[in-house]
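Have a look at the structure below before the remarks.
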Amino acid sequence: MCIRKLFAKLKNALERLRTRSVAPLGGGVEIVVLGWKPRVVLKKGRTVVLDLLTLAPEKTALVFSQDGRWHAGTVPLEYRVFFDFPHFPKMLIFVSKLCRGTGDLLSFLHEAGHLHGMVQGELVIAAKERVLLEELKDPNNTYPEKRLRALKEERETTMLSERNAWAFALRAARKLERKFGITLNAHVAKMFVKQCLDSYENYFNCKLLLVLKGKGMIFKDR
């Protein structure tokens, strides 16, 4: 009996060492980041009820974020070609430290949504590349029609990609609520998504101000 207790204590200690961060989701369920190689799971008590990686596309891997942000991306093509193994990841989700519960779960699901919508993501990348190309052609910032069209396309493709990813996140979150008895705060979820979308809108509004200055429609800073 003493040996069993000793092993149980050792197992609990190792579990605590593996647990990087925890945030409650309500209904007795927590979102937990485990391990030195990250694993994001839902736990009820000591039981893992879901590995969230199963909601991302196949060949997705998790890595710890170096800048504290949740984000997603693809593994560079040269690595995929060089390491052409059956289980070598093609996509990545960068995992942040948990602190908000509902926001953490939605953030993970949002990045998974981006990876499920990689076609739209490629359109965003192509639009950003066109913006940079037209910027190089316009060193005096006169904003000719081609550059304006490129900026318009960048905004439209980016906002569509973001809205689609958040729609995926909210649908997935509602399914998890029903399945595991999670009690996500609907108002908090709504405000969290709105805040994230507003940050993109503010970014593009700042770009618009630069266009207006270039066109002489507002006074330039002295």
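The values are calculated or read from the model by the stated rules, or taken from the named source; none is laboratory data. What you see is a predicted model, and the numbers here were worked out from it, not measured in a lab. With ideal geometry, Cβ positions are generated from the backbone for all residues, glycine too; neighbour counts draw on all protein chains shown.
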Among the residues that make up the range 203-211, is at least one of them modelled with pLDDT under 95, basic (Lys, Arg) and in a helix (DSSP H, G or I)?
yes
Residue check, residue 10 against (1) modelled with pLDDT of 80 or more; (2) outside any loop (DSSP other than H, G, I, E, B); (3) surrounded by fewer than 17 Cβ atoms within 10 Å (Cβ to Cβ), all met but one. Which one?
(1)
Looking at the structure I just gave you, is residue 111 part of a helix (DSSP H, G or I) and surrounded by fewer than 20 Cβ atoms within 10 Å (Cβ to Cβ)?
no
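Can you pull out the residues in the range 93-117 that are more than 14 Å from residue 172 (Cβ to Cβ) and modelled with pLDDT of 90 or more? Don't jump to the end; show me each part of the working.
Initially, the range 93-117 is screened for residues more than 14 Å from residue 172 (Cβ to Cβ), giving 94-101, 103.
Scanning the range 93-117 gives 94, 95, 103.
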If I filter the range 178-188 for residues that are part of a helix (DSSP H, G or I), surrounded by 15 or more Cβ atoms within 10 Å (Cβ to Cβ) and modelled with pLDDT of 90 or more, do I get at least one hit?
yes
Cβ contacts < 6 Å: first residue loosely packed, with under 14 Cβ neighbours inside 10 Å, restricted to the range 131-148; second residue of a type in the set (Asp, Glu) and assigned to a helix (DSSP H, G or I), any location; separation 6+ or different chain. Result?
146/134
Can you name the residue in the range 14-69 that is among the basic types (Lys, Arg), outside any strand (DSSP E or B) and under 28 Å from residue 90 (Cα atoms) and, of all such residues, is modelled with the lowest pLDDT?
18
